[in-house]
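A short worksheet on the structure shown next.
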Amino acid sequence: MVPENSQLERENHVGIILVTHADYGSALLRAAELIVGPISDCVSIHVDATLEVNDTVSRLNEAAELLNSGYGVLVLTDMFGGTPTNLSLALLRNNKKLDVITGVNLPMLLRVLSKRTVPLAELSELALKAGHEGIIAAGGVLKNKIDEK
């Protein structure tokens, strides 16, 4: 069973799995596609109370296997300590070419999608940096600009 919201083309780059509560990951993928166009080798798997844990773990394992073209797989989850992250961390036991980053946001996803040909460890670092840089107190920035005038 192929995970929902999947575009699989087996490119020479890191595969991406978004694992989130409800349909947050699907919404992020749709938003990213509005900005960068069609996205391949990237899937969203949602976690909610209506799904069996074993079914979700099976979908995660299948997605990780399908998306690893030899360059590895980066799993982006919504928050540390949540079920999506906890289930994703179980993948690390059996897969050395996999990393899990929590706190996914649109800037992080866009950076990852634009740099997927770099090694997995480097891509993980880029994801962290972009996620942090994407969090800005926009009101404060605007206020400072107004105060400067």
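Values quoted throughout were computed directly from the atomic coordinates according to the rules given, and no laboratory measurement underlies them. Given the structure is predicted, the values throughout are model-derived calculations rather than measurements. Positions of Cβ are generated from backbone atoms using ideal geometry, with glycine treated the same way; all protein chains shown enter the neighbour counts.
Quick look at the numbers
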quantity	calculated
Difference of contour (0.36 nm per residue) and Cα-Cα distance, Lys97 to Phe80	4.1 nm
Evaluated at q = 0.18 Å⁻¹: base-10 log I(q)/I(0), Debye formula over Cα of segment 15-148	-0.95
Least to most buried among Asp55, Asp78 (fewest other Cβ within 10 Å first)	Asp55, Asp78
Burial ordering of Ser40, Ser58, fewest other beta-carbon atoms within 10 Å first	Ser58, Ser40
Acute angle (nearest 10 degrees) that the helix 120-133 long axis makes with the longest principal axis of the chain, alpha-carbon atoms	40 degrees
Distance between modelled label sites at His21 and Ala90, nm, 7 Å Cα→Cβ extension	2.0 nm
Ranked Val57, Val14, criterion: other C-beta atoms within 10 Å, fewest first	Val57, Val14
Beta bridges by DSSP in the chain, antiparallel share as percent, to the nearest 5	5 percent
